[in-house]
1. So what is the calculated 222 nm ellipticity per residue for the chain, using -39500 (n - 2.57) for each DSSP H run with n of 4 or more, over all residues, to the nearest 500 deg cm²/dmol?
2. Just for the Cα atoms in region 89-179, what are the lengths along the principal axes, largest first, rounded to whole Å?
3. Give me log10 I(q)/I(0) at q = 0.19 Å⁻¹ for region 239-282, Debye formula, one equal scatterer per alpha-carbon, no solvent.
4. Going by alpha carbons, how many degrees (0 to 90, nearest 10) lie between the helix axis of 256-278 and the longest principal axis of the chain?
5. Just ARG243, ARG183, ARG47 to compare: in a GNM of the chain, with alpha carbon springs under 10 Å, which one fluctuates most?
6. So, by mean Cβ neighbours within 10 angstrom, what's the order for 63-69, 86-92 with the highest one leading?
7. Please give the net charge around THR216, taking every other residue with its beta carbon less than 13 angstrom from that of THR216, where Lys and Arg add +1 and Asp and Glu add -1.
8. Give, as a single signed number, the net charge of other residues whose beta carbon lies under 14 Å from the beta carbon of LEU195, with Lys and Arg counted +1 and Asp and Glu -1.
Amino acid sequence: MNKTTLFKIFALTCTVLLFAKPMNANGQSKYGMLTFNKAVNISGKQRMLTQKLAKTYLYLLGNPTDAKAKRDLLTTKIIFEKQNKILGANSQSQLTKNLISKVNKTWGKFKSLIEGVPNLKNAKEVVATNSILLKETNDVVEAVILESKNANNASSDDSLSEEDVELKQTINKAGKQRMLSQRLALYYFANSGSLKDKNNEARLRGVYSNIDDAITDLLISNFNNAKVEEVLGAAMAKWELVRNNEEKLFKNGFTPKEMYKLSNDLTKAFNKVTISYEKVKL
């Protein structure tokens with residue numbers, strides 16, 4: 001093989017490497033520095049944080065001296081902003097970037113509501129508007145999944161691409177359980193005292209049903225392995241504490257501190273489930 005031929009091969013190899021998209025261990029394009037599985041997990045966690053912020057604010061309305069809850073509110077705001085920057089910086093999609101910018105705009109208004117000493121006027125506004133921020137963060141999750149699907153369209157293995165999208169949807173479903181765990185406490189607090197009304201009770205019942213239904217879906221997932229089943233079982237055990245006290249849930253039988261802790265324990269349990277799905281190899 002002469003030098004000219006060797007040079008042509010070398011030049012062609014360099015060109016391929018230069019324009020090749022970054023790939024992860026499963027042979028899929030990456031979300032910047034992140035795997036797409038990780039990006040779905042992180043964007044889904046943003047949904048949960050919107051509900052944790054609203055829940056914590058309502059809790060502090062009646063428990064203004066709780067030092068842990070005050071720290072939770074502060075650290076959750078910081079994490080939400082940092083993770084939004086990470087998602088925006090790593091996306092290759094203009095749609096995803098636009099939706100993240102939309103979240104940032106709504107976040108600015110929402111953030112102003114939850115800063116300062118909690119008061120009833122702002123609490124009512126938090127109850128009325130938290131779902132707007134929740135929907136916008138959910139739109140980002142769906143855009144990340146679409147971005148992943150488009151990145152995988154170049155793959156010649158259609159069956160692997162379909163399976164990968166299904167896995168992303170399962171990570172998404174598991175991640176929603178974290179959000180619903182926080183939303184459960186949010187509307188538990190909104191269904192009491194000066195905030196109580198029929199709409200808040202209906203939302204509380206709806207969240208309860210959504211968590212219960214999704215657990216059934218996760219139990220029969222094609223991606224369940226030994227680790228997933230272990231952490232899913234632990235999460236179900238936590239959820240049984242709620243199911244066995246359904247009457248207490250809807251009649252404000254839990255103390256605010258009990259409900260605050262229960263929602264955080266549920267969130268931690270479902271976070272382990274979400275991470276386990278994130279780590280599934282195809």
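1. Estimated from H runs of four or more residues: -27500 deg cm²/dmol.
2. Extents along the principal axes: 57, 27, 16 Å.
3. -0.64
4. 10 degrees
5. Maximum fluctuation in the GNM of the chain, among the listed residues, is at ARG243.
6. Most protected by this proxy first, the peptides run 86-92, 63-69.
7. Here the count lands on -1.
8. Summing Lys and Arg as +1 and Asp and Glu as -1 gives +3.
Only the coordinates and a few stated rules stand behind these numbers; no lab work does. Because the structure is a prediction, the values reported are computed rather than measured. We place every Cβ from the backbone using ideal geometry, glycine too, and count neighbours over all the protein chains shown.
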